[in-house]
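First the structure, in the form of C-alpha cells, and then the observations on it.
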Amino acid sequence: MIPAAFQYERAFSVEEALTALASDPDAKLLSGGHSLLPMMKLRLARPTKLIDITRIPELCTITIESDRISIGAAVRYHQVAGDRRLADVMPLLGEAVRVIADPQVRHRGTIGGSAAHADPASDLAAVFLASEAEFRVLGPRGERRIPADGWYVAPLVTTLEPDEMLMGIDFPRPLSSRQTYLKFPHPASGYALAGVAALLSLDAEGRVRKASVAVTGAASMPFRAEAAADRLLGQTLTKDVVREASELGSGEGEYTGDVQYSALYRQNLARVMIQRALERLVQA
Ligand SMILES: Cc1cc2nc3c(=O)[nH]c(=O)nc-3n(C[C@H](O)[C@H](O)[C@H](O)COP(=O)(O)OP(=O)(O)OC[C@H]3O[C@@H](n4cnc5c(N)ncnc54)[C@H](O)[C@@H]3O)c2cc1C
C-alpha cells in the first residue's frame, strides 16, 4: 500500500497549474486526494508528479448570482454543507454532500475531484445530472463548457482531456423549488447502491410544470431518468403517477449484476428509491 515515487508541486494560480500539467504528460492534478491517493497506493495510478490545486483562489469560491450558482472545483464538501446561501437556493446539494462518506472525507474531498474522478456511484453525479449542471474546463486550447449530460463517458472516464483542468461547476437558476437527494448506501462501503436526485416545480393547481430525476450507483453509469420526468409533466402527483414514473425511470439504466447484487435487484432498488424521492417531494 505504498505508492510509486512521485514529485509534489503546489500551484498558486491557474496558469501555474496548467503549465505544470502541460510540462509532464504523466502528471496529475491533486485536489482532496481521497480518490487519487488510494488509487496510487493500489498502483492503479502512477503519476510522476502531483500538482496540488487546492490553494488556487479561483477554484475555491462559491458564487450565487440571479441566473446561476458557480462552485469552484476545489471547494470542499464541508464548505458546501455549511454554506447558508446554498442551503437556501440549492438544498439538494447540501443533502447530497452530507451523506458522502465520513467527516474526514467530507473535510478534504472536493466537488471538482468528485466530478473529474467520475465514480459511477458518486453521490454528486446524480445532483449534477438532475440539476443540469455545466462543467467549466480550461486547457491549452482554451475554455470549454460541457453539460453534465455529456460529461460522463464511462466509469472513471469523462470528456476532460489530460492537459485540461476542471475550473468549476455552474448550476442554472432558478432551480425547481422542490428538491431532494436520497441515498441507499452500500452497507460496507457507504457508496450509493442507489442514489436519486429529483427536482420538481408545480403550478398553482399542483400540476408538475418541470421535473428532473437522475440516478447514481445502481447502473453501470449515472443516468437521467427522462421517462420518469416525462411521465410527471402536467400531472398532479397521485400515488399512481409517482409509481408509474418510478417504474419508467428505473427502466432507463444499464444494469449489470455482481457477486453481491443482481442486475434485477439493482433496477428494483432504483425504482424504489425514485419512488421514495418523489414521495418526499410530494410531501414537501
Ligand atoms: C473512505 C472513502 C469513502 C468514500 N465514500 C464516498 C461516498 O459515499 N460517496 C461519494 O460520492 N464519494 C465517496 N468517496 C470519494 C470522495 O468523494 C472523493 O473525495 C472524490 O471522489 C474525489 O475528490 P477529491 O477531491 O478527493 O479528488 P482527488 O482524489 O484529489 O482527485 C480525483 C481525480 O480527479 C482529478 N482531479 C481533481 N481535481 C481536478 C480538477 N479540478 N480538474 C481536473 N482533474 C481533477 C485528479 O487528478 C484525480 O484523477 C469516498 C472516498 C473515501 C476515501
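Provide the per-residue ³J(HN,Hα) series for the stretch 147-153, in order, calculated from phi with Karplus coefficients 6.51, -1.76, 1.60 and θ = phi - 60°, each as a whole number of Hz, with x at glycine and proline positions.
x, 3, 4, x, 7, 7, 9
Rounded to whole Å, give me the distance from the Cα center of the stretch 102-172 to that of the stretch 235-255.
One Cα centre to the other: 27 Å.
If you plug each phi of the stretch 51-62 into the Karplus form 6.51 cos²θ - 1.76 cosθ + 1.60 with θ = phi - 60°, what whole-Hz ³J(HN,Hα) values come out, in order, with x for Gly and Pro?
10, 6, 10, 7, 10, 8, x, 4, 8, 10, 10, 10
Pairwise over distinct Cα atoms, reciprocal of the mean inverse distance: report the Kirkwood radius of the stretch 63-172 in Å, one decimal place.
Taking the inverse mean of 1/r over all distinct Cα pairs, the stretch 63-172 comes out at 14.0 Å.
Report the equivalent ellipsoid semi-axes for the chain in whole Å, largest first, defined as the square roots of five times the eigenvalues of the gyration tensor built from alpha carbon atoms.
Value: 33, 22, 15 Å, ordered largest first.
Would you kindly state how much longer the chain becomes between I2 and S177 on full extension, computed as 0.36 nm times their sequence separation minus their alpha carbon distance, in nm to one decimal?
Length gained, I2 through S177: 58.3 nm.
Report, in debye and to the nearest 20, how large the dipole of the stretch 1-116 comes out about its Cα centre when Lys and Arg carry +1 and Asp and Glu carry -1 on their Cβ.
Using only the charged Cβ atoms, the result is roughly 480 debye.
Could you work out how much longer the chain between E254 and R280 gets when fully extended? Use 0.36 nm per residue separation minus the Cα distance between them, nm to one decimal.
6.8 nm
Placing +1 at every Lys and Arg Cβ and -1 at every Asp and Glu Cβ, with all other atoms neutral, what dipole size does the chain have around its Cα centre, in debye to the nearest 20?
Computed about the Cα centre, the dipole is about 680 debye.
Net charge near M40: determine it from the other residues with C-beta under 10 Å of the C-beta of M40, scoring Lys and Arg +1 and Asp and Glu -1.
That works out to +4.
Rounded to the nearest 20 Debye, what is the dipole magnitude of the stretch 49-170 about its Cα centre when Lys and Arg each give +1 and Asp and Glu each give -1 at the C-beta?
360 debye
Which residues' amide hydrogens lie under 5 Å from the amide hydrogen of A27, considering only partners 5 or more residues apart or on another chain, with H built in the peptide plane?
Under 5 Å from the amide H of A27 lie the amide H atoms of T48, K49, each far enough along the sequence or on another chain.
How many nm is it between the label spots at M221 and R84, if each spot is 7 Å from the Cα in line with the beta carbon?
The two pseudo-label positions are separated by 4.2 nm.
Only sites in a loop by DSSP and with at most 13 other Cβ atoms within 10 Å count here; which GluC sites (Glu not before Pro) in the stretch 1-107 make the cut?
Loop-located and lightly packed - E65.
Using modelled backbone amide H atoms (1.01 Å from N, in-plane), which distant-in-sequence or interchain residues come within less than 5 Å of M167's amide H?
Hits under the 5 Å cutoff: R136, V137, L138.
Determine, for F171, F128, the number of other Cβ atoms within 10 Å of each Cβ, and report the residues in order from fewest to most.
The fewest-first ordering by Cβ neighbours comes to F171, F128.
Return the sequence-ordered ³J(HN,Hα) values of the stretch 40-47 in whole Hz as given by the Karplus equation 6.51 cos²θ - 1.76 cosθ + 1.60 applied to θ = phi - 60°, using x for Gly and Pro.
Ordered by residue, 3J(HN,Hα) equals 5, 5, 7, 6, 7, 9, 9, x Hz.
Let me understand the stretch 7-52 better: what is its radius of gyration from the alpha carbons, and its Dmax, in angstrom?
Cα only, the stretch 7-52: 10.4, 31 Å (Rg, Dmax).
Could you pull out every residue, at least 5 positions away or on a different chain, whose amide H is within less than 5 Å of the one on M221? Hs are placed 1.01 Å off N in the peptide plane, and Pro or chain starts have none.
Amide H to amide H, under 5 Å and 5 or more residues apart or across chains, M221 pairs with E254.
Of A211, Q283, L182, which is farthest along the charge dipole of the stretch 178-284 in the positive direction, counting Lys and Arg as +1 and Asp and Glu as -1 at C-beta?
The residue sitting most towards the positive pole is Q283.
Quote to one decimal, in nm, the extra length available between Q235 and D163 on full extension: 0.36 nm per residue of separation minus the C-alpha distance between them.
Contour length minus Cα-Cα distance gives 21.3 nm.
Among S70, S35, S189, rank each residue by its count of other Cβ atoms within 10 Å, from fewest to most, as a rough exposure measure.
S189, S70, S35
Shape verdict for the stretch 181-283, please, from the Cα gyration tensor: rounded (a/c under 1.5), prolate (a/b greater than b/c) or oblate.
Prolate.
How far apart, in nm, are two points set 7 Å out from the Cα along the Cα-to-Cβ line at S66 and at S201?
A separation of 1.6 nm, rounded to one decimal place.
FYI, it's all coordinate maths here, none of it is from the lab. Predicted model only: the values in this text are computed from it and were never measured. No Cβ is skipped: glycine too gets one built from the backbone with ideal geometry, and neighbour counts run over all protein chains shown.
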